[in-house]
1. Can you give me the distance in nm between label points at ALA43 and ARG17, each placed 7 Å from the Cα along the Cα-to-Cβ direction?
2. Can you tell me the dipole magnitude for the chain around its Cα centre, using point charges on the Cβ only (Lys, Arg +1; Asp, Glu -1), in Debye to the nearest 20?
3. With an 8 Å cut-off on Cα pairs and a minimum separation of 6 or more residues, tell me the relative contact order of the chain in percent.
4. Which order do you get for GLU151, GLU45 if you rank them by accessible area with a 1.4 Å probe, largest at the top?
5. What are the residues whose amide H is under 5 Å from the amide H of ILE101, where those residues sit 5 or more places off or on another chain and H is modelled from the backbone?
6. Accessible area of region 109-224 with a 1.4 Å probe: how many percent of it is carbon plus sulfur?
7. Taking amide H atoms as placed 1.01 Å from N in the peptide plane, list the residues 5 or more away in sequence, or in a different chain, whose amide H sits under 5 Å from that of LEU221.
8. Round to the nearest 10 and report in Å² the accessible area of SER99, as given by a 1.4 Å probe over the protein chains' heavy atoms.
Amino acid sequence: MRYAIYFTPRQDEPLARIAANWLGRDPFGAATKPVEAVADLSAAEVAFHTASARRYGFHATLKAPFRLAANETEASLRAALDHFAEATPVVTIPRLVVSQIDSFFALLPEGPLPPLNRFADDVVRDFDRFRAPLTEAEIERRSPDSLKPAEFRNLCQWGYPYVFETFRFHMTLSGRAGPQESPRLRAAIDSLFADVLRQSVLVDALTLFVELEPGAPFMVLSHHALGRRPARKTA
């Protein structure tokens, strides 16, 4: 079993609903559903391009998937999330835009947001005590030879290469796409998300996801609202 601390909009928010339809899965307990054709992409093409992102659900990674440390429990992790969330203010992203990172499509903030980066840094540091050390096999799965020196240091120290100076807030929408297929994929994503991306996005919660067994889809376990409000629990 692995846990992950992500940001994802509430299930009833338009961005979450559109993303769930695009990916073909709602991580808030809903079953996988057939994807639909979008713009010039057939349903089969959408399903192909979203396959790798579908298992994780729509999210932005804050604390990457981890096995629980031997001296911690799920209850202690959820209690710590409640405590952290209560003391942490909401961060506003004025606008998300569609962009490509390492050949996969994602939603990214339009410009630099230091408060968002500080928030992500705090999550990485504060919850590292809940993370069991990576095994050699887990390190190898990250293809360490392909990582830059800072990314490899982060992997060894924090369990994930893309934290602190290498962090980029992003919400993944596809797998890798080559130059020939990218324009049609970009056009389909733009057509589907254009209206909702005119609105700002509130990073107003931490969401605990769980992978019940290796290869299983990640599901929302609990949703912890930021600020001095009660946490909303979904399971």
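The values are calculated or read from the model by the stated rules, or taken from the named source; none is laboratory data. Small disclaimer: the values here were computed from a predicted structure and weren't measured. Note that we place each Cβ from the backbone using ideal geometry, even for glycine, and neighbour counts take in every protein chain shown. Ligands, DNA and RNA are stripped out before the accessible areas are found, and what is left, the full protein with its side chains, is counted by its heavy atoms. Shrake-Rupley method; radii C 1.70, N 1.55, O 1.52, S 1.80 Å.
1. Computed distance between label sites ALA43 and ARG17 equals 2.1 nm.
2. 280 debye
3. Numbers: 409 pairs, mean separation 77.2, N = 235.
Relative CO of the chain lands at 33 percent.
4. On the way: GLU151 25, GLU45 60 Å².
Highest to lowest solvent-accessible surface, that is GLU45, GLU151.
5. Close amide H contacts, sequence-distant or interchain: ALA106.
6. Carbon and sulfur: 52 percent of the exposed surface of region 109-224.
7. LEU208, PHE209, VAL210
8. 30 Å²
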